[in-house]
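All of the numbers you see were taken from the coordinates with simple rules; none came from a lab. A quick note: this is a predicted structure, and the numbers were derived from the prediction, not measured. Cβ sites come from the backbone with ideal geometry, for glycine too, and all protein chains shown count toward neighbours.
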Amino acid sequence: MTPTDPAVQAMLEGRRADTGRRRQRVLAALAESAKDGTEVSVAAIARRAGVDRTFLYRHRDLLGQIHAQAAEPPTIPGGRGPAVSRASLQADLVAAEARTARLAAHIRRLETRLSEVLGEQVWRESGIRGPDDTEQLKARITTLEQQVVDLEFKLQDRDEDLSAARAANRELMAKVNRRAKVTANGQQAHPGEEAHPIG
């Protein structure tokens, strides 16, 4: 179904413009964090840019820039910027898993509601009693089609959120596993030395 209503087109254009503004704020937050050496993480950049973390998960290029900058060594002369710790990765992983579960439940509710709405309207409007009812039925069908378009947009957003959250889960788990492996290798190589946590 392809919406042609000018109001729908205007809504889509407004969403694209808003997305562009939020992307610019994220890029500016990344640049500022690189300059002053503050923490670089999904939560920190989202907070600094004034966007929701799901926006970053939906835009993989921005998410990749955040992870790449977080992996870089600090650039402040004579100082040491905050490093990503295993605890922070685990916290992000737990938050991402919770977000994934909420998104999955919300998608199921939307699908159920959409099915109920369509089923109720088909049942109510199935008996056409005369010419007057025909015009009312056509108007109702137009309204329902618009509702279906809106619900499809919402479902698409939720699917993107869910996919992005799952991808973030995998990336965070891979980081945790790599750091755990490095720690284990370091302890085996130096059994007589005290083990220090990797930042």
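Enumerate the aspartates and glutamates that LYS35 could reach by cross-link, defined here as Cα to Cα under 15 Å, with residues fewer than 8 away along the same chain left out.
Cα-Cα hits under 15 Å: GLU72.
Each residue of the range 166-177 in order: what ³J(HN,Hα) in whole Hz does its phi give by Karplus 6.51 cos²θ - 1.76 cosθ + 1.60, θ = phi - 60°, with x for Gly and Pro?
Listing the rounded values in order: 5, 5, 5, 4, 5, 5, 5, 5, 4, 5, 4, 5 Hz.
Would you list which aspartates and glutamates come within 14 Å of LYS138, measuring only between C-alpha atoms, while excluding same-chain residues fewer than 8 positions from it?
Partners found: GLU125.
Using a 7 Å offset from the Cα along the Cα-to-Cβ direction at both ASP52 and GLU39, what is the distance between the two label points in nm, to one decimal?
2.2 nm
List residues of the range 134-150, by number, whose backbone nitrogen lies under 14 Å from a label position 7 Å along Cα→C-beta of LEU118.
Answer for the range 134-150: 144-150.
For SER33, what charge total do you get from the other residues with a beta carbon under 12 Å from its beta carbon, if Lys and Arg give +1 and Asp and Glu give -1?
Computed value for this residue: -1.
Which part of the range 142-175 falls in the paramagnetic zone of ARG60, meaning amide N under 19 Å from the point 7 Å along Cα-to-beta-carbon?
156-175
Starting from the Cα of LYS154, draw a straight line to each of the aspartates and glutamates and keep only those under 14 Å, dropping any in the same chain fewer than 8 residues away.
Straight-line reach from LYS154, under 14 Å: GLU111.
Please compute the length gained on full extension between GLU97 and ASP157, using 0.36 nm multiplied by the number of residues separating them and subtracting their Cα-Cα distance.
19.9 nm
Assuming R0 = 30 Å, what is the FRET efficiency of GLN147 and ARG108, from their Cβ-Cβ distance, to the nearest 0.05?
That pair, GLN147 with ARG108, gives E of 0.95.
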